[in-house]
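Could you have a look at this structure, given as structure tokens, before my questions?
The values are calculated or read from the model by the stated rules, or taken from the named source; none is laboratory data. Everything numeric in this text was worked out from a predicted model, so none of it was measured. Glycine gets a Cβ as well: all are built from the backbone with ideal geometry, and neighbour counts include every protein chain shown. With ligands, DNA and RNA removed, areas are computed over all heavy atoms of the protein, side chains included. Shrake-Rupley method; radii C 1.70, N 1.55, O 1.52, S 1.80 Å.
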Amino acid sequence: MKVIKFISILTLGIGLVSASPVRPRQAPLGKWDIVGDSQVAAMHIVLASHKDIYIIDKVEGNKIKQANGSPAMSAVYDIETNLVTPLDLTTDTFCSGGSFFANGTLFNSGGAENGLGYNPGYTSARFITPTDANPAWMEIPDGMITSRWYPAMATLPNGNVLVMGGSLKGTGKNNDAINNPTYEIWSAGGAPQPQPVHFPFLVDTMPYNLYPFVHVMPNFENKQLLFVFANTQGIIFDIETNTVVSKTPVIPDGVRSYPLTGNSILLPLKPSLNYKPTIMICGGNTAMEITSPAIASCGRIDPTDPNAQWEMDNFGGTGRVMPDAVLLPDATVLYVNGAGTGFAGYHRGPRGNPLYLNDNPTLTPFIYDPETKEWNTNLAPSVVPRLYHSVATLVSDGRVFITGSNPQPNVELGSKFPTEFRVEMFTPPYLQTGLARPVINSVAGFTTLNDQRIQVTYQQTVEVKITKGQTNSFITAAIIHHGFVTHSQSFSRKYVLLKVISAQEDPNDNNNITLNLEMPPNPTILPPGPSYLYVLDNGVPATFSVSLILGFPTT
Ligand SMILES: *[C@@H]1O[C@H](CO)[C@@H](O)[C@H](O)[C@H]1NC(C)=O
Ligand SMILES: *[C@@H]1O[C@H](CO)[C@@H](O)[C@H](O)[C@H]1NC(C)=O
Ligand SMILES: [Cu+2]
């Protein structure tokens, strides 16, 4: 068997023939397709399997009904058939949070007031396990000691789930009477109800601190370190010792969190950079006015560096409030959705239109390359405005699922910006190159893929067999934990580039390659629980990704 020589496993993956990726001659623009109807307005979504997306909304007059006749608040959207099946709930999920436990169960917490046959959801803890034969929500209506509307959530390296902040009831912006400056940690082992812990950062960052940005920081000391950001400030917080380790400087240009909602992501982590974290925060606004132009800047920082400064960049040349970011398999970042002016929320009570508080929808997607810091703004625009309460997520085949937009208190179809049920798929330019896509044939010996989550562990070398179709191949691989998407965030999401240990051609068929891929070093780098393996050839993703579950080694 011929062993293919390494080009540079650390930065580039493995070149099977050529040393650098093939670039198409004419840059494609990407493509939008309206593929279906969500039936339930998509305030929150989560990729539950290679084909199922769970939609979670709030109490309002959605199109389909659940078993008791109330309008459905949650549903499964099958991206292969574009069919929607309601999921029953009893408590209002309005502006709640979510994250996966290490065992693969999704945890959704918090919400708002009652209505349309539903109970309040402020203290509700809800669980659903996508791998069950018939997945259904299990709710504990008084599961939480304190009420939380707009909480952030994150899966911790030990597999527990953090629930942080929020307010005691719905509001335009937070105020001292209803602020909930605490966090609680839910045990993956089903331990008793956790006690909330006081968290002064959410006092210091009033009033723009709802849905704080939370990212788990990679480290090699087995520490549970969080980067937490709200308003204009960030801290590194050690959750085990309950101490602030360091503070970042104030970000320039204005407020970045709700209701002046910007976007915060942890850029792809790479073995060649020893998983050094870079946070990028883009967009937001400076005033709660529908005419106020959105912030047109992004800041990058490694918040674990005590001397870190914000490195500012323009946001592709356009201001955007409420942008959604999608980490694409090729380690670039797609920005979609949002508005050029205004802020998150809507008017309350009976008054004339407009009820919405954001305008000038930003219809053109941008793609950012974190390595070259270049923006590709020459992409096809969508025709569907996606304002407050819009969502986007990468799916298994490398396309991007985009839906939602409901800057209204209830389902409202007559407005300039109606409740939006249309589902779009965005095909990124990497699927328009004309280059053949690789196909994943087996992972860790399994040839039946995506009918279960394949169990792998940290540092494990996993054998992956693929068929490539290109002559000058350049294979890379990544693992992505898709987060819980809501309000321009994706809780717990991480992208980790994998080390390609070896690549061997089959002597009988040089299109068949056996790869050995090394899983991430530890759970601070990628959370335990469900993740997806993506393999690319010259930046073109495989026909589908493969569902894994990252677990701790059993001794
Ligand atoms: C995972 O853990 C959660 C929290 O302890 C529990 O509620 C759930 O039933 C567990 N799921 C599975 C599949 O064991
Ligand atoms: C290459 O892989 C495909 C998919 O597993 C398989 O059907 C085919 O037989 C392989 N080719 C050879 C020559 O082994
Ligand atoms: Cu909301």
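What does the C-alpha gyration tensor say about the overall shape of the range 56-133? Classify as rounded when a/c is under 1.5, otherwise prolate if a/b is larger than b/c, or oblate.
oblate
Oh, and also: Averaged per residue, what accessible area in Å² does the chain show with a 1.4 Å probe, protein chains only?
Computed with neighbouring chains in place, this is 35 Å² per residue.
Return the sequence-ordered ³J(HN,Hα) values of the range 475-487 in whole Hz as given by the Karplus equation 6.51 cos²θ - 1.76 cosθ + 1.60 applied to θ = phi - 60°, using x for Gly and Pro.
Calculated HN-Hα couplings, in order: 8, 10, 8, 9, 10, 10, 8, 7, x, 8, 9, 6, 6 Hz.
Under 16 Å from a label point 7 Å along Cα→Cβ of Thr81: give me every residue in the range 27-64 with its amide N that close.
The answer is 36-39, 49-54, whose backbone nitrogens lie closer than 16 Å to the label point.
Given 10 °C and 1.306 mPa s, compute D for the range 477-529 with the Stokes-Einstein relation, Rh being the Kirkwood radius over Cα pairs; round to the nearest whole µm²/s.
Translational D for this selection: 120 µm²/s.
Can you tell me the alpha carbon radius of gyration of the chain divided by the globular rule-of-thumb value 2.2 N^0.38 Å?
Normalised Rg, Cα atoms only: 0.91.
Continuing with the same structure: Can you classify the range 169-235 as rounded, prolate or oblate using the Cα gyration tensor, where a ≥ b ≥ c are the square roots of its eigenvalues, rounded means a/c under 1.5, and otherwise it's prolate if a/b beats b/c and oblate if not?
Note, shape of the range 169-235 comes out oblate.
Using a probe of 1.4 angstrom, how much of the accessible area of the range 439-551 is carbon and sulfur, in percent?
The value for the range 439-551 is 43 percent carbon and sulfur by accessible area.
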